[in-house]
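What follows draws every value from the coordinates through simple rules; no lab data is involved. Given the structure is predicted, the values throughout are model-derived calculations rather than measurements. Cβ atoms come from the backbone with ideal geometry, glycine included; neighbour counts cover every protein chain shown.
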Amino acid sequence: MTPQFETVQLTSSCSYYLVSYVDLLGQGAPLQAIADRRPNEAEELAKVFGPVVTHIRFLRDAFFIFAKAMAAGPVPDGLPAEHFERFRRFRKVDAGIRTFSDSLVLTSKLEESDEFGRWGPIYSIQTHLNGLATILVMGLASKIPIRVGTSLSIGMELDGEYLGPALGEAYDLERKIADYPRVVVHQRVRRVLISHAQRHDPEAPEPAIDAAAARIAGEMASVLRPISPTADMLDVIHPLFTAAGGAFSVQNLADARAFAFDQHAEHQATGDTKLATRYAQLLSYFNGAA
């Protein structure tokens, strides 16, 4: 008997998703080295699992701390005061983070609402991209380098798990395009943002919120720098991230650059030209030359 899936159930559960694959660099080899260890070798296992767990928790917590801070931010200009409370309840963190060994998968559901229109998906994209900028820079500043691929497509949830093509696309971007510690984003994301930035909806349920969504979409499109016919790079040194109230502090950025400098020097001294080149690219970007 062939399993059947009701069409109504399928279509009602589908939505657009923004998905990121986050690779914690330098963790694969230590994990592989303990493949034949026994469970009772606690001391040796702790040497490997301890840093991985600490780094994963740091990145996960940094993402959600920033997302919650955004949710508590000011409401859009022009929104009537009687809608403030409902709007704050609506502006919640709708993102999931799952751990796969030394990698993280971040998913944000992009779903419009009858009450606030397209604000939901645009705000989710803004939170997601700002969160990625935060964990990239704060990770580097804390000597936790990551590499990220991000994509947007149709998808669905099956028993709380994401199902769709965006994860495979994000994985390919991280593996094949990113190369050094940075966030690479499928150009579909920028196309969607530009489309929303240029769209004016005179019948939007809340004109002030709709106008704010269009403005934010334009701002988010401006932080995506084209690097290939199919991919953009998240420009974490863009003023939107580094200005007062941005995703991270100027000191975080300075510490991230210092880590890149140290890593380049270390790998150059040991003759590891592959890693030396990757950190030279990152350093060049931080110096504004890439």
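Of note:
- Furthest towards positive pole of dipole, ASN252, PHE241, HIS264, structure part the stretch 219-282, Cβ charges: HIS264
- Computing FRET efficiency as 1/(1 + (r/R0)^6) for LYS176 and GLU111, where r is the C-beta to C-beta distance and R0 is 51 Å, gives about 0.95.
- Label-point separation, ALA269 to SER222 (7 Å along Cα→Cβ), nm: 4.2 nm
- Inter-part distance, the stretch 132-169 to the stretch 262-280, computed on C-alpha centroids, equals 26 Å.
- Of ALA280, ALA231, ALA170, the one that fluctuates the most in a GNM where the chain has Cα springs shorter than 10 Å: ALA280
- Given charges at beta-carbon only (K, R positive; D, E negative), |dipole| of the chain in Debye: 580 debye
- In the stretch 109-177, the C-alpha radius of gyration followed by the widest Cα-Cα span (Dmax) gives 14.4, 44 angstrom.
- Here is how the number arises for the chain: DSSP H runs of 4 or more residues each give -39500 (n - 2.57), the sum is divided by the residue count, and the result at 222 nm is -16000 deg cm²/dmol.
- Of all beta bridges that DSSP places with both ends in the chain, some 90 percent have antiparallel geometry.
- Given [x] 63, 50, 31; [y] 120, 46, 27; [z] 62, 59, 37, the label whose value is Cα extents along the principal axes in Å derived from this model: [z]
- For the chain, the longest principal axis of the C-alpha atoms and the axis of helix 273-286 are separated by about 40°.
- Axis angle, to the nearest 10 degrees, between helix 119-141 and the longest C-alpha principal axis of the chain: 20 degrees.
- Selected from GLU157, GLU219, GLU44 as most flexible by GNM, with the chain as the system and alpha-carbon contacts under 10 Å: GLU44
- Here each label is just a point 7 Å from Cα along the line to Cβ, and for MET70 and ARG57 those points are 2.5 nm apart.
- Max mean-square fluctuation residue, GNM over the chain, Cα-Cα springs under 10 Å, options ASP201, ASP235, ASP272: ASP272
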